[in-house]
Each structure stands twice: as C-alpha cells, then as structure tokens.
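Read through the structure below, which is laid out as structure tokens, and then see the notes.
Read-outs throughout are calculated quantities, based only on the coordinates presented, and are distinct from any laboratory measurement. Computed from a predicted model, the values in this text were never measured in an experiment. Don't worry about glycine lacking a Cβ; one is built from the backbone with ideal geometry, like all the others, and counts go over all protein chains shown.
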Amino acid sequence: MNVDFKPVRANLGQQVFEYLLEHIYKMDIAPGTRLGVGEIADQLGVSRSPVRDAIHLLMAEGLVEYGTSSGYQVIPVDRKYVEDVFVVRRALEPTGLRLAARHLDRECVAQLCDRWQQLRTHPHSTDPDTLETHINADSYLHQSIGVMSGNAVLSEMVTKVVSRAAWIRRWVYSNRIPESHLAMMAEEHLQILDALQAGQADRGADLLEQHLASGQAIALNYL
C-alpha cells in the first residue's frame, strides 16, 4: 500500500477510515489482506486509537471482519459474498427504476445516454484507465437511478451496495477486462436507459434484472 496520508487533528478516525476505504475499493488493499492495527498506525504516522476506530467503521460497512486466528482482515471475495451483494442489488435496483420512471430527470438520463454511447463507440480496452473509467460510469448510472427514485433510504442502500459491486468488479478484472464485456455493458446500459426514456418502467426493470443477473454470473465464473 502506497502511503499518501497526511493526518489532521480533527476527526482523525474518520480520516483513516476514508483513506483505508478508498484503498480497499481501489484494490490497493486486496481482499483477504490482514490489517494490523500497529502496522497501519506506523505507516500513517498516527496512534492506534484512530486506526481501531477506522477498522470498526469498516466492519460496520461490511468490508472488514475479525477472525480469532488472523485478527482483522479485508473480507475475502468468495461465492457467498458475491451472491450476497447481488441478492441485495436485484431486490433494490429494479424497484428503484420503477420509482424513477414516475418522476424522471430527463436531463440526467440524456447525459447518461451520451456517456454510454461514447463508451460503446470507443471502448479502449487497451487503455490502462479503461477499467476505472467503466466502473466509475457504471456506478454513477446505477446510483443515479437510485437518486431518481426519490426514495432517500433506497438511494443510500443502492449507493453502498453498488460500491461493493464495483469492488468485486475490480477484483474480477484485476488482470484485464475483455472488450466483449465492455461492449456488452454499454449495450445493456443503453437498453435500460432507452426503456426509461420511453416510460417503459416494467421493461426497464426487467432489463435491469437481466443486467444484474449477467454481472453476477460473470463474477461467479471468475471464482
């Protein structure tokens, strides 16, 4: 883990939490990695107390667990974890889309369509930043649908579970993302957005369910 941390006095535990969270989500700290409180404190130049606070927050986020033999560790990406994440996504997100269709932000949907049309036309699978570009665009689309639902609780839950799904995707494609997967992702997103624009809530929800089922199957195939 590259240390680019500058501690400040206010809310140090929260600062350490946000630092570790970012590095976990970006796969700088890999799934299954042991987290030593003393080691992290030494690396960041802080006391152990804010590190413990940060790890407890990470445990509350479901990203860190405590094992009696190994101490704290980042949750391993295994079949159970992938299935748990996608069960929640498939329960929440189609409902969010149906709600979003009732009071659609057409300007937001148009912007999402423009972005994914660009990504479909220029996938750039050999660009080293391709994976991060697509994951960020994917997360923004799904989280935007949650926001458009008008349900603050659902939106908050979608934001959290989509972040975990992005983490899984970084793990799945840690070596390389096939161009066929980029094209499929773009096409499926555009179909979902087209249904939203047309006011076809049920069709959009069905397409979203199929999209999530496909993502789940791809992730499980890499285990």
Next on the checklist: Springs between alpha-carbon pairs under 10 angstrom, Gaussian network model over the chain: which of THR121, THR33, THR159 fluctuates most?
Outcome noted: THR121
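Relative to the Cα centre, what is the charge dipole magnitude of the stretch 28-105, using +1 at the beta carbon of each Lys and Arg, -1 at the beta carbon of each Asp and Glu, and rounding to the nearest 20 debye?
Dipole of the stretch 28-105, to the nearest 20 debye: 300 debye.
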Item to check | the stretch 98-161: trypsin sites (Lys or Arg not before Pro) in DSSP coil with no more than 13 other Cβ atoms inside 10 Å | outcome: none
Next on the checklist: Output needed: percent of Cα pairs per 10 Å distance bin for the stretch 12-74, bins running from 0 to the one holding the longest distance.
Outcome noted: 24, 62, 13
Checklist entry - Using modelled amide H (1.01 Å from N, peptide plane; none on Pro or chain starts), what sits under 5 Å from the amide H of VAL64, excluding residues fewer than 5 places away? => result MET59, ILE75
Checklist entry - Based solely on its DSSP helices, what 222 nm [θ] is calculated for the chain when runs of n ≥ 4 H residues each add -39,500 (n - 2.57) and the sum is averaged over all residues, nearest 500 deg cm²/dmol? => result -23500 deg cm²/dmol
Checklist outcome for this item: Amide H proximity to TYR72 below 5 Å, modelled H, separation 5+ or other chain, gives LEU35, GLY67
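May I ask you to sort TRP116, TRP171 by Cβ crowding, counting other Cβ atoms within 10 Å and putting the fewest first?
TRP171, TRP116
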